[in-house]
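All of the numbers you see were taken from the coordinates with simple rules; none came from a lab. Worth saying up front: this structure is predicted, and the values here are computed from it rather than measured. In this analysis, Cβ positions are derived from the backbone assuming ideal geometry, glycine residues included, and neighbour counts consider all displayed protein chains.
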Ligand code: NAD
């Protein structure tokens, strides 16, 4: 029987509640599909500060690097907000992503038919939307040097090397091959030199993927098109800052933040996590929506473990739960037949897999 080592980081706030439900579902699906998942817990964020004094203990870095993949909840909370910047949970998270070398952030935005009314856009605009935003995560203007602010003048540097563009482009084209085979590369090549290199390099990589249709779009137009006609997109490929903004726009097309998974992948390992934070305002109340984390676990099965059938089973079970009217409080306004707790939603989804 195939065995995989999964690093679990539950983190703070609702992190432990939602990750427990994802594990429940992973157990059901691994049993159904005949493979074994061995979980190892690691500390990060506020809880790590409380227990070890630092937000990112060394054992967490080495433990995750020695695993097949990492399932991550969320970190942070008011309790740690007054600490010095280098000691804060969020600093630990940035260091963690850098240490793991996860340069590609994948954020799917998929509309569940049952929740079309949860979006602020009209149903006819969003029905059938299925977008994958591929954002470069550890380069570009967020990391470029030099950077400074002396109180009178401040600057940052937007920089990409050709190699950085090649590796993220390959990820986007590989993903497109498994989807609708369309990549839209987003840049600002009419103004920025770095975007011109981006565009030229993406064109070069595209030659290795003749089956994939490549288009280019300026970022300002892309922001508009995402809201005007999101169905036109399959894979959106873009850099760090543009991806940060566009992936949030794409995700809100869907409706609730509690529904959106993500994957951060690189050459060493991959981290799977919901896009939301630790939601301290609802922690411990049993009302957090675990679906984003359960979907993230599904992405882990598909992209890191190659267990696509298991991932599809999770997807179908979530759709069935929504179709039968199970809703956590955040989406209770949309055709709820049963308003359920975090744990009950996990049970319902796991049970649909067992059946
Ligand atoms: P948040 O995403 O935690 O919460 C925003 C709002 O969405 C809140 O009202 C919350 O109750 C709601 N929400 C979030 N997830 C939900 C879920 N699964 N089900 C139902 N409702 C949900 O963002 P925030 O309030 O800005 O940040 C809270 C803490 O999380 C901060 O300390 C922040 O630094 C941290 N944070 C961590 C990550 C991460 O770990 N990757 C990401 C973002 C924010």
* Structure fact -> region 113-192 and region 304-336 have their Cα centres apart by a whole-number Å value of 26
* Asked: Given Cα pairs under 8 Å that are at least 6 residues apart, what percent is the relative contact order of the chain?
  -> 23
* To do: Mind jotting down a quarter of the surface of the convex hull over the alpha carbons of region 17-122, in square nanometres, one decimal?
  => 9.8
* Asked: Label-point separation (nm) for residue 182 and residue 86, each offset 7 Å from Cα along Cα-to-Cβ?
  -> 4.9
* Structure fact -> Mean-square fluctuation maximum in Gaussian network of the chain, Cα pairs under 10 Å, restricted to 156, 289, 117, hits 156
* Sequence-separation-based contact order of region 130-253, relative, with Cα cut under 8 Å and 6+ spacing, percent -> 38
* Can you give the extra length, in nm with one decimal, that the chain gains between residue 1 and residue 220 once fully stretched, where that is 0.36 nm per residue apart less the Cα-Cα distance? -> 73.8 nm
* To do: Would you mind giving the three semi-axes, in whole Å and largest first, of the ellipsoid equivalent to region 219-304 according to its Cα gyration tensor?
  => 24, 18, 12
* Relative contact order (percent, whole number), region 198-320, Cα cutoff 8 Å, 6+ residue spacing -> 17
* So which residue, out of 261, 290, 280, gets the largest mean-square fluctuation from a GNM of the chain using Cα contacts under 10 Å as springs? -> 280
* Asked: Based on the alpha carbon coordinates of region 130-253, what radius of gyration and maximum Cα-Cα distance (Dmax) apply, in Å?
  -> 14.7, 51
* Asked: For the chain, how big is the tail of P(r) above 36 Å, as a whole percent of Cα pairs?
  -> 20
* Tell me, what is the FRET efficiency for residue 174 and residue 68 to the nearest 0.05, using R0 = 22 angstrom and their Cβ-Cβ distance as r? -> 0.70
* Just the Cα atoms of region 234-355, one point each, no solvent: what log10 I(q)/I(0) does Debye give at q = 0.18, 0.20 Å⁻¹? -> -1.06, -1.24
* To do: For an R0 of 41 angstrom, estimate the FRET efficiency from the Cβ-Cβ distance between residue 145 and residue 27 and round to the nearest 0.05.
  => 0.35
* To do: Return the distance in nm (one decimal) between the two label points of a simple spin-label model at residue 98 and residue 268, each offset 7 Å from Cα along Cα→Cβ.
  => 1.2
* Asked: So for 265, 249, fewest C-beta neighbours within 10 Å to most, what's the order?
  -> 249, 265
* Structure fact -> Here FRET efficiency (C-beta to C-beta, residue 35 to residue 163, R₀ 45 Å, nearest 0.05) is 0.80
* Using a simple spin-label model with points 7 Å from Cα along the Cα→Cβ vector, what separation in nm is obtained for residue 110 and residue 130? -> 0.8
